[in-house]
1. What fraction of the Cα pairs in the chain, stated in percent, has a spacing above 29 angstrom?
2. Quote to one decimal, in nm, the extra length available between residue 92 and residue 378 on full extension: 0.36 nm per residue of separation minus the C-alpha distance between them.
3. For segment 278-384, what percent of Cα pairs sit more than 25 Å apart?
4. With a sphere of radius 15 Å drawn around the Cβ of residue 77, what net charge do the other residues whose Cβ falls strictly inside it have (Lys, Arg +1; Asp, Glu -1)?
5. Considering only 139, 194, 205, whose Cα is most displaced toward the positive end of the charge dipole of the chain, charges sitting on Cβ of Lys, Arg (+1) and Asp, Glu (-1)?
6. With r as the distance between the Cβ atoms of residue 121 and residue 237 and R0 = 35 Å, compute the FRET efficiency 1/(1 + (r/R0)^6) and round to 0.05.
7. Run the dipole for segment 202-333 about the Cα centre, Lys and Arg Cβ at +1, Asp and Glu Cβ at -1, nothing else charged, and hand back the magnitude in debye, nearest 20.
8. Quick check for me: using +1 on Lys/Arg Cβ and -1 on Asp/Glu Cβ, what's the dipole size of the chain about its Cα centre, in debye to the nearest 20?
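Please treat every number below as a calculation from the coordinates, not as lab data. Keep in mind it's a predicted model, so treat the numbers as computed, not measured. Note that we place each Cβ from the backbone using ideal geometry, even for glycine, and neighbour counts take in every protein chain shown.
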Amino acid sequence: MAAPEAKPRKEIPFNRSATLGKELQYIAESLLIGQIAGNQAFTRRCEDLLTSVTGVKKTLLTTSCTHALEMASLLLRLQPGDEVILPSYTFVSTANAFALRGAKPVFADIRADTMNIDETKLEELVSPRTKAVVVVHYAGVACEMDAITDICRRRKLALVEDNAHGLFGKYRGRPLGTFGDVATLSFHETKNLTCGEGGALGINNPDWIDRAEVLREKGTNRTAFFRGQVDKYTWVDLGSSYVMSDVLAAFLYGQLERWEHAQAARKRIWEYYHLQLSAWAADRGIQTPTVPAHCDQAYHMYYLVFPDLEQRQDFIAHLRKQNIVSVFHYQPLHLSTMGREFGGKPGDCPVAEQMGDRLVRLPFYNELSREEQAAVVRTALGWS
Ligand SMILES: Cc1ncc(COP(=O)(O)O)c(C=O)c1O
């Protein structure tokens, strides 16, 4: 182990939220307008911006990505016993949203290079009960969408993109979020753009747009009523309260309109880590992120994959001693308490099991200064 360094004066957190532009002004404006419930002026501004930047047919802001996934689950009209294939290496909501409707999550393993669902193992998981495939573009690097959309088309399965990491990412030049019947976004504080807690549902399947509006508004046709399309609104379908307050949408709009600035900052951060750490990592058998040439990544995170759990934990502790916070990521869902209830057992998804033990994420946020980042790199290089 190299000689200990001088402690950085302040903690370098894993994530830190900050304003990017006019967020506070817009919150004040929303209060002055006096309409701070959902589906108001700032919500529409966010939805229009997201629709035009991503190229989806329709965007609905939601209270979280989790809730957008629940809407996807309702849109699929899932019945108990239906199956939904999804990666084991993902956040709990990717599975829970579908399990809530009685569906059985069927866990797929991931690729060892991108951490994305292994498209070569997908088709063997399809059964007569399979209704949908859910993909997660891990770290904002696209899944292999040619193969996945082909399987969904041939086997007549719906496709959901959990695009919590991938806003602004592309696959063969086409924006992530435009491949699925629907795609979900997250604006949780750890994401590239945020309003603390928030999300969105992007809808590409034109037959699902009207129903999605109803599901978001507690199962009522309130949105159509406000557009003057019906003279009163009533309970017409299942639904829940998935509408984001316009105060949060005002904050989010301040972030969204600065998206190019945020993405440029994150690109610089990602590239600096990669340049500084790649040779050191290769010498020690540590894996750095793979971004296939046909993918434009979303610069959501920078991660390292250590040879084993012990070394990963030692590295996290080494950074911690220098006041730097790094974190591990998903624990494979097929081995969680709920995952085991759905039949998951050790060995089902070997790559996901390894990555749960071996992957670590470095501090990554829009305002991470070069000085802070240099301290992270120096300290990392001091780990042997
Ligand atoms: C892949 C993935 N899906 C869904 C979510 C849930 O997002 P939210 O916190 O907006 O509900 C997360 C959260 O980090 C995530 O990483």
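1. Details: 32394 of 73536 pairs.
Of the Cα pairs, 44 percent sit more than 29 Å apart.
2. Values: separation 286, 0.36 × 286 = 102.96 nm, distance 3.39 nm.
Gain in length upon complete extension: 99.6 nm.
3. The calculated P(r) of segment 278-384 puts 30 percent of pairs beyond 25 Å.
4. -2
5. Positive-end residue among those listed: 194.
6. On the way: r = 36 Å, r/R0 = 1.02.
Efficiency for this residue pair is about 0.45.
7. Values: 14 positive and 15 negative charges, 67 e Å.
Charge dipole of segment 202-333: 320 debye, to the nearest 20.
8. The calculation lands at about 340 debye.
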